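Below: one structure, written as structure tokens.
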Number of protein chains: 2
Amino acid sequence: MHSPELVKGTLQTIILKLLADNGRMYGYEITQKVRDLSDGKLVVTEGALYPTLHRLEAENLLITEKEHIGKRVRKYYRLTETGKSSVTERIGEFENFVKTMFTILNLNPGMI
Amino acid sequence: MHSPELVKGTLQTIILKLLADNGRMYGYEITQKVRDLSDGKLVVTEGALYPTLHRLEAENLLITEKEHIGKRVRKYYRLTETGKSSVTERIGEFENFVKTMFTILNLNPGMI
DNA sequence: TATTTTTACCTAAGTTTCCAATGTATTAAA
DNA sequence: TTTAATACATTGGAAACTTAGGTAAAAATA
């Protein structure tokens, strides 16, 4: 598991990117996808996920669609147009941040 | 300037690494070094720096030496042995985190 | 020489963002 | 039939920052 402090601030970017790649996803699906992609190294807890999803929805980056699966209501999230453009932006920000950190920490880019 | 959320959690690593490279530094010097190395893109505010330095000292990763410069007292920070081993550890953690993020975000490593 | 900027230390209040814990309920598997 | 997995969510508290403020010496500039 990664140091939780490092993960802070990247959750929004992760969510937006996953939605950009997969069209639409529901909350639980996102937690599983992150777990799978990271080989269990990064775990998004529900206490972090749902407030973030609601925040992104309030900021008009996501919209929701409810779907009835048996007796359950599943809530799908999808990027708005604003959301789509902010994905690129945030990934760019993350890349730049990593570049800066590599410079400061004097790390070898080949390490990745 | 980088998104402040991303910077969170990396400050300790930055401080420890700078001290590992420079032997000893004082607070103000650290803020300037980070600014220089990052071309102004990453600014460590004093409100973030000093509490962090004191925390690291309390955790026995740093020790201080006071030096009189004219009428002023300058406080130098230096790594303890524990501090030295934790630098490697934390940089490793950061690298692993970046690797995971690159996987999740499907980024090209060559980008750095 | 007077004033501003830079150097240099620091704290306190407030915000954001997360984690841990808890709650509810359906569906699938053991 | 009981446990695990699925699926939504909230709440309280901790951590780490930002903003703002305080003090004062030394250097640069007007």
Residue match in region A:73-96 (condition: of a type in the set (S, T, N, Q) and under 30 Å from residue B:21 (Cβ atoms)): yes
Hey, residue B:10 in contact with a helix residue (DSSP H, G or I) (Cβ under 7 Å, 6 or more places away or on another chain) and hydroxyl-bearing (Ser, Thr, Tyr) or not: yes
Some residue of region A:24-36 being away from DNA strand C (no atom under 15 Å from the Cβ), closer than 19 Å to residue B:96 by Cβ, within 13 Å of chain B (Cβ to nearest Cβ) and open to solvent by 10 Å² or more (accessible area, probe 1.4 Å): yes
Residue satisfying condition, being within 12 Å of another protein chain (Cβ to nearest Cβ), closer than 18 Å to residue B:93 by Cα and either surrounded by 20 or more Cβ atoms within 10 Å (Cβ to Cβ) or touching a strand residue (DSSP E or B) at 6+ places or on another chain (Cβ under 6 Å) (or both), within set A:44, A:87: A:44
Residue A:98, sole failed condition from (1) at pLDDT below 95; (2) buried (at least 18 other Cβ atoms within 10 Å of the Cβ); (3) in contact with a Ser or Thr (Cβ under 9 Å, 6 or more places away or on another chain): (3)
Members of region A:45-98 that are hydrophobic (A, V, I, L, M, F, W, C), away from DNA strand C (no atom under 12 Å from the Cβ) and more than 13 Å from the chain's Cα centre (by Cα): A:63, A:97, A:98
Complete set of residues in region B:1-23 that are free of Cβ contacts under 8 Å to residues at least 12 places away in the same chain and within 13 Å of DNA strand C (Cβ to nearest atom): B:3, B:4, B:5, B:6, B:8, B:9
Residue under evaluation residue A:52, criteria (1) more than 13 Å from DNA strand D (Cβ to nearest atom); (2) within 14 Å of chain B (Cβ to nearest Cβ), criterion not met: (1)
Near pairs, Cβ below 8 angstrom, 6+ apart or cross-chain, from region B:58-80 (open to solvent by 70 Å² or more (accessible area, probe 1.4 Å)) to any residue that is small (Gly, Ala, Ser) and more than 10 Å from DNA strand C (Cβ to nearest atom): B:60/B:83; B:78/B:23
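Suppose we keep only residues that are of a type outside the set (Ser, Thr, Tyr), within 14 Å of DNA strand D (Cβ to nearest atom) and open to solvent by less than 60 Å² (accessible area, probe 1.4 Å) within region A:4-23. Which one would you say is nearest to residue A:79 (Cα to Cα)?
Looking at residues that are of a type outside the set (Ser, Thr, Tyr), within 14 Å of DNA strand D (Cβ to nearest atom) and open to solvent by less than 60 Å² (accessible area, probe 1.4 Å), I get A:19.
The values are calculated or read from the model by the stated rules, or taken from the named source; none is laboratory data. All values reported here derive from a predicted model rather than from experimental measurement. So basically every Cβ, Gly included, is an ideal-geometry build from the backbone, and we count neighbours across all protein chains shown. Side chains included, ligands, DNA and RNA excluded: accessible areas come from the protein's heavy atoms. Shrake-Rupley method; radii C 1.70, N 1.55, O 1.52, S 1.80 Å.
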